[in-house]
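Let me begin by presenting the structure, written as structure tokens, before commenting on it.
Rule-based calculations on the coordinates, nothing more; no lab input. As the structure is a computational prediction, the values presented were derived from the model and not from experiment. All Cβ positions, glycine included, derive from the backbone under ideal geometry; neighbour counts span all protein chains shown.
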Amino acid sequence: MSVKGFDKIRKSAELSELFVFAAWLLFGILLIVLVDKVLPAPITLMLSFGFVYPAGCLIMFFRLCKTHGVVWHFPAAVIAATVLQYVFWDTYRVIVPNLIVMTILCLLFGCGLGSCFADKEAVRAYREQKRLKKLGEDQPYTPIIENDPIKKGKK
């Protein structure tokens, strides 16, 4: 059984990107809070940001790019959010100083692998359908003369 809202997210590239971005942001923040406040032990830090964070990032970015292909604005948004967190959040800066590099590597590796395994025809068809919808060419042609209500009433 599938939920109607999740099907809409899964089919739309923009909604999928937004959902993965929010999930990645929440995932990273929860790991930081876990390491900083809940279990402040060195082993927690090593396990969280040595294994869990890279694996989670790779899986999220891989699945997104496998279904919808790579677009330039998603990696740019993730990199910008990582740098902004590093600049403005002291806890982020103290816990893992190389988190920016790790996030960029996981992002590029996950997106690269996802685009390698992506269904190129499905991605191309989705983008073409989106372009046609934007131009208004996805609707069938209807002649203006036959749809005129004045002319229909005279006949």
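Counting beta carbons within 10 Å around each of C65, C106 and listing the fewest first gives the order C106, C65. Restricting attention to the range 31-113, which chymotrypsin sites (Phe, Trp or Tyr not before Pro) occupy a DSSP loop and are surrounded by at most 13 other Cβ atoms within 10 Å? Filter output for the range 31-113: W72, W89.
Taking θ = phi - 60°, what integer Hz values does the Karplus form 6.51 cos²θ - 1.76 cosθ + 1.60 yield along the range 57-72, in sequence order, with x for Gly and Pro? Result, ordered by residue: 5, 4, 5, 4, 6, 4, 5, 5, 6, 5, 8, 10, x, 9, 10, 5 Hz.
By other beta-carbon atoms within 10 Å, ranking D90, D36 with the fewest at the front produces D90, D36. Our coupling estimate for the range 102-109, obtained by passing each phi through the Karplus curve with A = 6.51, B = -1.76, C = 1.60 and θ = phi - 60°, is 5, 5, 5, 5, 5, 5, 5, 5 Hz, Gly and Pro reported as x. As a rough footprinting exposure proxy, the listed residues H73, H68 were ranked by other beta carbons within 10 Å of their own, and the order from fewest upward is H73, H68. Normalised by residue number, the volume inside the convex hull of the Cα atoms of the range 9-70 is 65 Å³ per residue. Here the Karplus curve 6.51 cos²θ - 1.76 cosθ + 1.60, taken at θ = phi - 60°, turns the phi angles of the range 14-30 into couplings of 5, 5, 5, 4, 5, 5, 5, 4, 5, 5, 5, 4, 5, 4, x, 5, 5 Hz, with x standing for Gly and Pro.
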